[in-house]
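Since the structure comes first, as structure tokens, the remarks are kept for the end.
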Amino acid sequence: MRKFIWGLLSSKHSRSEPIGQGVAAKYIKSGLTLQEATEIRELIKLAFENDKIYKDSAISLNALSSHINKDRYKVSQVLNEYLSKNFYSLINQYRIAEAKDLLHNQAFLSVKAVMYEVGFNSKTSFYSAFKKETGVSPNDFRALTRTASLAS
């Protein structure tokens, strides 16, 4: 009976998170101040927008934390609580935004070249992330933007 109940509960809740408590409960003892969170959020933004760390196909939360010289646990907390994203969702958001720009403005680049340029190593993960973000495949996106450009 206990396994059955745990199965029902674990389908809706992460095992690492107490039931009835959200992200805030997970970080209750972190000691992260609003000022420090704001600073970390800005450093993350700079790392992504200026340094374009998402292009590194081997990027990890540890690498981001080292890059901005902040504690991994606090960086994770800022991502989850203040940006409402996990690390990989944020990475994919930036990668797909750049891929869309390249597909639209760099017609000479193949979709595969775009995939590698923005940091993906796998065609499957690139196509899946792209379609999740845009609703269409990279090839369809390029065709649609090309058609829209010709029509205007």
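Taken together, the values in this text are just the output of simple stated rules run on the coordinates, not laboratory data. Not measured: the values here are computed from a predicted model. All Cβ positions, even for glycine, are placed from backbone atoms using ideal geometry, and neighbour counts span all protein chains on display.
Structure note, pairs LYS74/LYS132; LYS52/LYS132; LYS52/LYS112; LYS26/LYS131: Cα-Cα distances above 23 angstrom occur for LYS74/LYS132; LYS26/LYS131.
The distance between label points at GLN35 and SER110 comes to 5.4 nm (points 7 Å beyond Cα on the Cα→Cβ vector).
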